[in-house]
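Report on the following structure.
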Amino acid sequence: MKVKLYVVLLSIVTGILSGCELTRPNQQVVPVSDAQQPELGEFDPAAYYLNLETLNEDQIFNELELLLLDPQQGNNGIKLGLIYAYKKSPVKNPHRAHALFNKALASDQVFTQRGMLVALNDQIADSLRWLHKYEDLASTQQQQEDLLQQQIGALKMQLDELTRIEQQLNERN
């Protein structure tokens, strides 16, 4: 009798514990990269950026000239921003890239991989902030060096004057 009770109790506990697994919804896990696949003909900023890596300087200049003909058309602003943000671009300009990304992100324009552009824009903003801090420090250091040079010049003049006075005193004695 105790054995039957033990088997029944063990069966109930096992059923309860495995019941959680049985009631779990059967949802397919979708990787983030697959969640927003661009449709055919849609602009893909990540693919465009990767394409920039395959271009030489002349091809980048040609692409830039084409985009500058009508920077307001379609995704040209984002493309220009990506060209200006590209690390090996002959026209790299993080200030312009940041401004173009801010404009594109503030607009109602819908484009894929908005998150990638937000992240890239945030990185550009951080790098610009550090660049400005560095420039401020360099400017302050330059001002301090200039001040020290002026003080050195004044001390040299005083030393020359004292040397001249000492020579005059030695001549009298």
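Structure above, values below:
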{"quantity": "From the options ASP160, ASP122, residue that is among the charged types (D, E, K, R), open to solvent by less than 100 Å² (accessible area, probe 1.4 Å) and not in a loop (DSSP other than H, G, I, E, B)", "calculated": "ASP122"}
{"quantity": "Cβ-Cβ under 7 Å pairs, at least 6 apart or on other chains, region 73-90 side closer than 15 Å to THR54 by Cβ, far side of a type in the set (A, V, I, L, M) and not in a helix (DSSP H, G or I)", "calculated": "ILE83/VAL91"}
{"quantity": "From the options GLN142, GLN123, residue that is over 27 Å from THR54 (Cα atoms) and of a type outside the set (Val, Ile, Thr)", "calculated": "GLN142"}
{"quantity": "Criterion violated by ILE83 - all others in (1) in contact with a Phe, Trp or Tyr (Cβ under 7 Å, 6 or more places away or on another chain); (2) β-branched (Val, Ile, Thr); (3) assigned to a helix (DSSP H, G or I) satisfied", "calculated": "(1)"}
{"quantity": "Members of region 41-57 found to be open to solvent by less than 60 Å² (accessible area, probe 1.4 Å), assigned to a helix (DSSP H, G or I) and over 14 Å from PRO90 (Cα atoms), listed by number", "calculated": "PRO45, ALA46, ALA47, TYR48, TYR49"}
{"quantity": "Yes/no for LEU100 being surrounded by 12 or more Cβ atoms within 10 Å (Cβ to Cβ), at pLDDT 90 or above, assigned to a helix (DSSP H, G or I) and touching a Phe, Trp or Tyr at 6+ places or on another chain (Cβ under 8 Å)", "calculated": "yes"}
{"quantity": "Residue within region 110-129 that is more than 26 Å from GLU42 (Cα to Cα) and among the charged types (D, E, K, R) present", "calculated": "yes"}
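The values are calculated or read from the model by the stated rules, or taken from the named source; none is laboratory data. Since this is a predicted model, take the numbers as computed values, not measurements. Please note: Cβ atoms are built from the backbone with ideal geometry, for glycine as well, and neighbour counts cover all protein chains shown. When the accessible area is computed, the model is the full protein with side chains, heavy atoms only, and any ligands, DNA or RNA have been set aside. Shrake-Rupley method; radii C 1.70, N 1.55, O 1.52, S 1.80 Å.
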